[in-house]
Each structure stands twice: as C-alpha cells, then as structure tokens.
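The values are calculated or read from the model by the stated rules, or taken from the named source; none is laboratory data. Remember, predicted model here, so these are calculated numbers, not experimental data. Here the Cβ positions follow ideal geometry from the backbone for every residue, glycine too, while neighbour counts run over all protein chains shown. Remember, those area values only see protein heavy atoms, side chains included, never the ligands or the DNA or RNA. Shrake-Rupley method; radii C 1.70, N 1.55, O 1.52, S 1.80 Å.
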Amino acid sequence: PRLIFGNQFAQHMELNIFLMRQFVSVLPMVLALMLAVYLVTRYKSTRLSVSLFVFLMLVPGIVKINYQFWHPDSIILLLVLLTIYFLQKDDLRFGRYFYLAAVACGLTTAIKLWGLFFFLAIAGYLMAGFFRHKLSLKKSLLSGLLFILTMLGTIIITSPSLLSPFIARMALDSWTGQQEKILLGPERIDPTGYYQTTLTNWLKYFGQHFMKAYFFFFAILARVAGSLCGSRKSLNRIL
C-alpha cells in the first residue's frame with residue numbers, strides 16, 4: 001500500500017489491517033500447522049493429514065489468533081516448530097540442521113523470548129549425543145557453545161539496536177520487570193485474573209482457548225509414553 005498509494009496509504013485502513021492479519025497471523029499459522037502435521041504424519045496418508053490439519057485449524061485458540069493482527073504469535077509458533085523440525089532432521093549428527101535450529105530459536109527469542117524455553121530441549125539433545133557416543137564431552141560442550149553463539153548472532157543481526165548500550169539496558173530492565181510479574185503475579189489489581197500465577201488459574205484459559213483441562217494432563221502422559229515407545233520417540237523427547 002505504501003508503494004501504491006504513497007503518503008495516502010494510511011487512509012486505506014481496512015486494506016492495511018487485512019494484509020497485516022494475513023501475513024502476521026493467518027499465513028504463518030497455516031504454514032506452522034502444515035509443518036506440525038508433517039512432523040507427525042510425514043504426509044504418508046492424505047486423509048489423516050488433511051483431517052488433522054482441519055482439526056487443528058478449528059481449535060478455538062487458533063481461530064482467535066487468525067483474526068488478530070497485533071500479536072506475532074503465529075510467526076513465533078512457526079519458528080518454534082521449525083526449531084523442532086531442524087533438531088529432528090539433524091538426528092544427533094550436530095551438523096547444519098543443528099545450527100539452523102539455533103537460527104530459528106534465535107529468531108523466536110528476538111521476537112518474544114520464547115526461544116529461551118528451549119534450554120532443556122537443547123541440553124537434553126546434547127546429553128543424548130554424549131551418551132550415545134555421537135559426541136565427546138569436549139565436543140558436546142563446544143556444540144552447545146556454538147548453538148548459543150549462533151542464537152546470539154541471530155538476535156543481534158535481526159535486532160541491531162541492541163548494540164546500543166542504552167537500548168540494551170532498557171530492554172533488560174523491561175524484561176526483568178516482566179519476569180517479576182510472571183513469577184510473582186501483577187502488582188496492580190487484576191480482576192480478570194489474566195496474570196495470576198499457579199497452574200489452576202492457567203488451566204482455566206487453556207480450557208477456553210484449546211480443550212478441557214483433563215486433555216492437558218492426557219497430552220503430557222501421552223508425550224511421556226511416546227518418548228518411551230513408538231515410532232516418534234525422538235520427536236516426543238524433543239517436545
């Protein structure tokens with residue numbers, strides 16, 4: 001719109017919001033769910049793959065994200081799934097796919113810090129490489145360090161303003177304040193309960209946006225079982 005309409009582009013509000021919604025929410029979500037289905041089915045069964053994709057697209061939380069445009073959660077979900085895909089593709093070889101996972105993880109961190117939640121997955125992945133004799137102790141430590149450096153490089157390249165001490169200090173202060181709210185709850189009155197802590201409070205919103213609370217526990221048990229047996233042990237262990 002800016003190229004077509006010039007300085008008048010801001011007047012085309014409906015078109016701008018439509019395009020933002022398509023490229024910030026809908027398209028990344030479609031790609032993310034296609035990748036999620038591929039991770040499980042490998043597209044070997046058309047009927048199963050299409051059914052699973054349609055089912056995921058109709059989950060209430062997914063529908064709600066798809067008509068928004070002011071949160072980059074769809075982009076983050078795509079990058080999270082790409083990180084998981086690259087780790088599975090690497091298959092303990094610690095080659096280029098391992099470092100592509102670091103790039104995707106770095107992008108996720110640069111946008112909304114979600115990539116930091118991968119610390120257990122990456123630590124476990126490195127330990128698996130060590131115990132299966134894919135890596136020596138020295139090389140596993142080096143691979144972990146290179147993963148972190150690749151993440152940091154990605155963050156700096158995509159957020160070069162962080163090289164400014166003033167901007168970096170502001171970002172750190174903001175992040176520290178948010179961490180306190182997440183861990184301890186908000187200081188201000190929160191009648192909606194959105195920012196209250198404890199699993200019980202969180203499961204209420206899981207039920208609203210996804211499924212009933214009991215499915216959350218079923219999913220965890222299924223993930224543990226899939227990590228011990230079945231054809232997708234490596235995927236389940238990463239998850």
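Structural remarks
- Restricting region 92-113 to residues that are out of contact with any Gly (no Cβ under 7 Å at 6 or more places or on another chain) and not in a helix (DSSP H, G or I), the residue that is least open to solvent (accessible area, probe 1.4 Å): 95
- Residue-level analysis places residue 116 among those that are touching a helix residue (DSSP H, G or I) at 6+ places or on another chain (Cβ under 8 Å), modelled with pLDDT under 95 and assigned to a helix (DSSP H, G or I).
- Any hit, region 50-67, residues being touching a Phe, Trp or Tyr at 6+ places or on another chain (Cβ under 9 Å), open to solvent by 70 Å² or more (accessible area, probe 1.4 Å) and in a helix (DSSP H, G or I): no
- Criterion: in contact with a Leu (Cβ under 9 Å, 6 or more places away or on another chain) and not in a helix (DSSP H, G or I) - qualifying residue of 135, 141, 235: 135
- Cβ-Cβ under 8 Å pairs, at least 6 apart or on other chains, region 31-52 side within 14 Å of residue 231 (Cβ to Cβ), far side among the small types (Gly, Ala, Ser) and surrounded by 13 or more Cβ atoms within 10 Å (Cβ to Cβ): 41/49
- The combined condition, being over 29 Å from residue 71 (Cβ atoms) and open to solvent by less than 60 Å² (accessible area, probe 1.4 Å), is fulfilled by residue 143.
- Screening residue 36 against (1) under 17 Å from the mean Cα position of the chain (by Cα); (2) under 17 Å from residue 235 (Cβ atoms); (3) open to solvent by 40 Å² or more (accessible area, probe 1.4 Å) leaves a single unmet condition, (3).
- Residue count, region 68-91 (criterion: open to solvent by less than 20 Å² (accessible area, probe 1.4 Å) and either more than 13 Å from the chain's Cα centre (by Cα) or polar (S, T, N, Q) (or both)): 4
- Test: residue in region 189-204 that is modelled with pLDDT of 85 or more, touching a helix residue (DSSP H, G or I) at 6+ places or on another chain (Cβ under 8 Å) and either open to solvent by less than 80 Å² (accessible area, probe 1.4 Å) or under 21 Å from residue 120 (Cα atoms) (or both): yes
- Being under 30 Å from residue 139 (Cα atoms) and either modelled with pLDDT of 95 or more or assigned to a helix (DSSP H, G or I) (or both) is a property that holds for residue 89.
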